[in-house]
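What follows is a set of notes on a single structure, which appears directly below.
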Amino acid sequence: IFGGSSTVIGRDSNTMRGTTGIETTTDPKISDIGELKTLARAAKGSFERNLPEIKAMAEGLDSGRKEKMAQSINKLDQELSNLVSLPDNPDPRSVFGMQQNALDLVGDIKEGSIMSFPYSIPTELSANEKLKGRATAEIKVRTKDEGGKPKTVTVQVVVDGYNAPITAGRFVGLAKNKFYDNIEIQRSDGFIVQTGQ
């Protein structure tokens, strides 16, 4: 991997972009449909058990936000039902889309329930860059394909300022100032991407 550039493309309500176990090759496959359905049933069961608590998060919201949350809850219920009732040989790309939609809806529900930034930042850190919310960063990485031909891959990452406002703010600030442009990636192992020496 040779390096790349990053751009912050806006605030985002996603909790994360999920990994699905579906390889994005020209012929993707799902290795175990039974396990996928079992995981979907577990997610649906957890959703149903926690539904009263999820709905209670909307209390105190204005009517517009409350309606949007109700719509997201209904859509999430439908997406989970779709995953539970998958056919035995589904199209992997449609399954990935369903999983991604479900994750996006979880993020919408979580962010929609927040009335204000959940905590205060300590005074000694108040001068630091902060991100009070979420942003989506688009990272373009130049690499080589299996045949050694150069290609550019675009990765979207959700930067979570609710859980790490200082770190997220610093990352967004550096990206906006082009710090990451043409920086070489030293390590990438599926869990971490590391730059620098």
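The values are calculated or read from the model by the stated rules, or taken from the named source; none is laboratory data. Note that the coordinates shown come from a computational prediction; the quantities given were computed from them, not determined experimentally. Methodologically, a virtual Cβ is constructed for each residue, glycine included, from the backbone with ideal geometry; neighbour enumeration extends over all protein chains shown. For accessibility, only protein heavy atoms count, side chains too; no ligands or nucleic acids. Shrake-Rupley method; radii C 1.70, N 1.55, O 1.52, S 1.80 Å.
Within the stretch 96-113, is even one residue free of Cβ contacts under 8 Å to residues at least 24 places away in the same chain and either of a type in the set (D, E, K, R) or closer than 26 Å to residue 30 by Cβ (or both)? Yes, the stretch 96-113 contains at least one residue that is free of Cβ contacts under 8 Å to residues at least 24 places away in the same chain and either of a type in the set (D, E, K, R) or closer than 26 Å to residue 30 by Cβ (or both). Given the criteria in contact (Cβ under 8 Å) with a residue 12 or more places away in the chain and farther than 30 Å from residue 34 by Cβ, does residue 155 qualify? So residue 155 passes the test. Being open to solvent by less than 50 Å² (accessible area, probe 1.4 Å), touching a residue at least 40 places away in the same chain (Cβ under 8 Å) and closer than 24 Å to residue 112 by Cα is the requirement here; does residue 166 meet it? Criteria met by residue 166. Here residue 187 passes the criteria (1) open to solvent by 80 Å² or more (accessible area, probe 1.4 Å); (2) assigned to a strand (DSSP E or B); (3) touching a Gly at 6+ places or on another chain (Cβ under 7 Å) except the one numbered (3). Selection of the stretch 66-77 for residues being among the polar types (S, T, N, Q) and open to solvent by 80 Å² or more (accessible area, probe 1.4 Å) yields 71, 74. Scanning the stretch 40-65 for residues that are under 13 Å from residue 109 (Cα atoms), crowded, with 16+ Cβ neighbours inside 10 Å and within 23 Å of the chain's Cα centre (by Cα) turns up 47, 54, 57, 58. Taken over the stretch 144-184, the criterion of being in a helix (DSSP H, G or I) and aromatic (Phe, Trp, Tyr) is satisfied by 171 alone.
One line per residue, one yes/no per condition, for (1) open to solvent by 60 Å² or more (accessible area, probe 1.4 Å); (2) polar (S, T, N, Q); (3) over 30 Å from residue 71 (Cα atoms); (4) at pLDDT 85 or above:
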site	(1), (2), (3), (4)
84	no, no, no, yes
88	yes, no, no, no
92	no, no, no, no
114	no, no, no, no
119	yes, no, no, no
129	yes, no, yes, yes
136	no, yes, no, yes
150	yes, no, yes, yes
154	yes, yes, yes, yes
